[in-house]
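Novice: Just passing along the structure, written as structure tokens.
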């Protein structure tokens with residue numbers, strides 16, 4: 001069983017924010033797979049299934065994401081190695097895509113919550129959303145919508161990340177890294 005987790009915040013006011021890129025990729029995957037909704041209150045999130053693949057959008061808010069992943073992981077007996085988390089990363093330029101297993105949380109509250117609840121050895125799909133000028137602006141920055149010219153490129157980026165994520169089900173991480181890693185959005189133009 002493979003569990004994809006997209007990090008984000010519930011609610012229409014957050015739908016197009018930088019912090020919700022993970023939700024948007026999950027929406028694309030659910031659509032591509034035509035996965036069916038199997039959500040339960042105890043999962044604290046929107047959960048979809050296609051065959052042996054699960055897609056989760058926690059509804060706990062970002063800083064409590066682990067409280068949604070934990071019950072899904074346990075109910076379906078998903079090994080931590082089979083959990084793939086898709087999230088925004090301010091340490092990468094807009095449109096960069098990186099893959100790694102384990103590691104630090106880089107101050108990302110969603111990852112902090114996951115690390116505490118399930119451990120750190122899950123696979124991360126890091127999607128660059130750029131960085132504000134000053135560190136004090138980070139919270140405000142990730143909770144704001146993408147700029148108009150970025151939004152224009154987002155459909156391509158979300159499709160790219162969804163295809164990479166789909167590839168992670170059957171392919172080795174190394175081959176996915178070489179096929180889908182991007183240094184910036186320029187790689188998609």
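FYI, it's all coordinate maths here, none of it is from the lab. Note that this is a predicted model, so its numbers are computed, not measured. Glycine gets a Cβ as well: all are built from the backbone with ideal geometry, and neighbour counts include every protein chain shown.
Novice: Report Rg (one decimal) and Dmax (nearest whole number) for segment 107-163, counting Cα atoms only, units Å.
Specialist: Taking only Cα atoms of segment 107-163, I get Rg and Dmax of 13.9, 37 Å.
Novice: Give the calculated FRET efficiency between residue 32 and residue 148 to the nearest 0.05, with a Förster radius of 30 Å applied to their Cβ-Cβ distance.
Specialist: It comes to 0.70.
Novice: Can you give the helix-only mean residue ellipticity at 222 nm for the chain, where every DSSP H stretch with n ≥ 4 adds -39500 (n - 2.57) and the sum goes over all residues, rounded to the nearest 500 deg cm²/dmol?
Specialist: Taking each H run of at least 4 residues, the total per residue is -11000 deg cm²/dmol.
Novice: Something else: Using only the C-alpha atoms of the chain, find the volume of their convex hull and express it per residue in Å³.
Specialist: Roughly 108 Å³ of hull volume per residue.
Novice: Counting only DSSP beta bridges with both residues in the chain, what percent are antiparallel, rounded to the nearest 5?
Specialist: 50 percent
Novice: Percentage of Cα-Cα pair distances in segment 88-189 greater than 21 Å, rounded to whole percent?
Specialist: That tail contains 39 percent of the Cα-Cα pairs.
Novice: Determine one quarter of the surface area of the Cα convex hull of segment 1-40, which equals its mean projected area, and express it in nm² to one decimal.
Specialist: 3.4 nm²
Novice: Given labels modelled 7 Å from the Cα in the Cβ direction, how far is it in nm from residue 181 to residue 41?
Specialist: Distance between the two pseudo-spin positions: 4.6 nm.
Novice: Sticking with this structure for a sec: Between 178, 165, 68, find the one with the highest GNM mean-square fluctuation for the chain; connect C-alpha pairs within less than 10 Å.
Specialist: Of 178, 165, 68, the most mobile in the Gaussian network model is 178.
Novice: Just for segment 78-171, what percent of DSSP beta bridges are antiparallel, to the closest 5?
Specialist: 45 percent
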